[in-house]
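To keep things clear, I will list the structure first and then write my remarks on it.
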């Protein structure tokens, strides 16, 4: 999610432009980013440097099977899919793939990654539970969570089940759309969902079930490595 041009913890616009100059998306992903900027909900799109970062993480952990909650126009999905092997799979969950069909589909074709994408339209929690019912728990290498914020606790708990040991979960917007998680006068269900998920992560880290890093990137990103079932 891009909040503004100072999406890296309030750095200057000049330094942000410097960062962007060194995070090269490539022609196709740049096309997705540029076309998305003209849409009504363009702020839903992940920051370009975050897309590059997640693609590199997928490559570093040798991911073959990924689940994404919240696809929008497809910048994050395509950035990750580009780093999966030819037989890799990214299960993309979204309530409405209209924006992806409008923007991302043609770029997926040009990039040659369309065959890696498994689009699941409907509530992501339903898809996650279906995967568990189908004995796919413990088989995912990587998850990216960027869906409905009030559902974050459930995404997190089901995501842990789906991840293999040493698998990686990336959770976006941990600061609550501009830092609202630390404003105790805010009791919006979306913010409460983020707070609850963060508390679960903290407890799991203390119990030795996960490793946890929270980064200032964009609107706050949590990196969760599963250590135990």
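Here are some notes:
- Scoring residue 218 on the criteria (1) part of a loop (DSSP other than H, G, I, E, B); (2) closer than 24 Å to residue 58 by Cα; (3) touching a helix residue (DSSP H, G or I) at 6+ places or on another chain (Cβ under 7 Å); (4) without any contact (Cβ under 8 Å) to a residue 60 or more places away in the chain leaves a single failure, condition (4).
- Output for segment 35-52, where each listed residue is at pLDDT 95 or above and either surrounded by fewer than 22 Cβ atoms within 10 Å (Cβ to Cβ) or more than 23 Å from residue 149 (Cα to Cα) (or both): 35
- Hey, residue 55 more than 15 Å from the chain's Cα centre (by Cα), at pLDDT 95 or above and either surrounded by fewer than 19 Cβ atoms within 10 Å (Cβ to Cβ) or closer than 18 Å to residue 167 by Cβ (or both) or not: no
- Subset of segment 98-117 (residues that are within 16 Å of the chain's Cα centre (by Cα) and over 21 Å from residue 30 (Cβ atoms)): none
- Within this structure, residue 52 passes the test of being without any contact (Cβ under 8 Å) to a residue 40 or more places away in the chain and in contact with a helix residue (DSSP H, G or I) (Cβ under 7 Å, 6 or more places away or on another chain).
Matching residues to (1) on the phi > 0 side of the Ramachandran plot; (2) in contact (Cβ under 8 Å) with a residue 24 or more places away in the chain:
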site: 17; (1), (2): no, no
site: 39; (1), (2): no, yes
site: 61; (1), (2): no, yes
site: 74; (1), (2): yes, yes
site: 102; (1), (2): no, yes
site: 117; (1), (2): no, yes
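- Note on segment 189-214: among residues that are surrounded by 15 or more Cβ atoms within 10 Å (Cβ to Cβ) and assigned to a strand (DSSP E or B), the one that is nearest to the chain's Cα centre (by Cα) is 214.
- Filter result for residue 169 (in a loop (DSSP other than H, G, I, E, B), under 22 Å from residue 95 (Cα atoms), at pLDDT 95 or above and in contact with a strand residue (DSSP E or B) (Cβ under 9 Å, 6 or more places away or on another chain)): no
- Within this structure, residue 153 fails the test of being part of a helix (DSSP H, G or I), touching a residue at least 24 places away in the same chain (Cβ under 8 Å) and either out of contact with any helix residue (DSSP H, G or I) (no Cβ under 7 Å at 6 or more places or on another chain) or surrounded by 24 or more Cβ atoms within 10 Å (Cβ to Cβ) (or both).
The values are calculated or read from the model by the stated rules, or taken from the named source; none is laboratory data. Keep in mind it's a predicted model, so treat the numbers as computed, not measured. Positions of Cβ are backbone-derived with ideal geometry, glycine not excepted, and every protein chain shown enters the neighbour counts.
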